[in-house]
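Some notes on the structure that comes next.
The values are calculated or read from the model by the stated rules, or taken from the named source; none is laboratory data. Everything quoted here is computed from the prediction, not taken from an experiment. Using ideal geometry, Cβ is built from the backbone for each residue, glycine included, and neighbour counts are taken over all protein chains shown.
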Amino acid sequence: MTFNNASYLSVKRRAILSTSSFGWTAMNHLLEKNRELLLEMLEKAQQRLDTLKETVKTANDGMAGSDIRMGIGDVITPLKIAFEVAEPI
């Protein structure tokens, strides 16, 4: 069996195109996963922020400052993760 140069190039082009379209599909899938994770992290941050608001409202003893600082740390953690997830998007 012999191949001429034109048919070889045609096969090679199709292989490159199918690989690059797979690359785009994979990239879109990763971006979609990143968006989902970002939304999840932002939702967690909002829940923790709501908890922090309640903590601040009810704070009235000597340990209130410590509780508030811990609450702020709890809110910041998912926001930091969300920021890292958002960078490639």
- [ ] Within segment 44-68, count every residue that is at pLDDT below 85 and either part of a helix (DSSP H, G or I) or within 22 Å of the chain's Cα centre (by Cα) (or both).
- [x] 9
- [ ] Filter segment 70-89 down to the residues that are within 9 Å of the chain's Cα centre (by Cα) and of a type in the set (Asp, Glu), then identify the one that is surrounded by the fewest Cβ atoms within 10 Å (Cβ to Cβ).
- [x] Glu87
- [ ] Pick out the one residue from Asp61, Asp74, Asp50, Asp67 that is touching a residue at least 24 places away in the same chain (Cβ under 8 Å) and out of contact with any strand residue (DSSP E or B) (no Cβ under 7 Å at 6 or more places or on another chain).
- [x] Asp74
Open item on the list: With the requirement that a residue be surrounded by fewer than 14 Cβ atoms within 10 Å (Cβ to Cβ) and among the charged types (D, E, K, R), what does segment 30-69 give you?
Closed with: Glu32, Lys33, Arg35, Glu36, Glu43, Asp50, Lys53, Glu54, Lys57, Asp61, Arg69
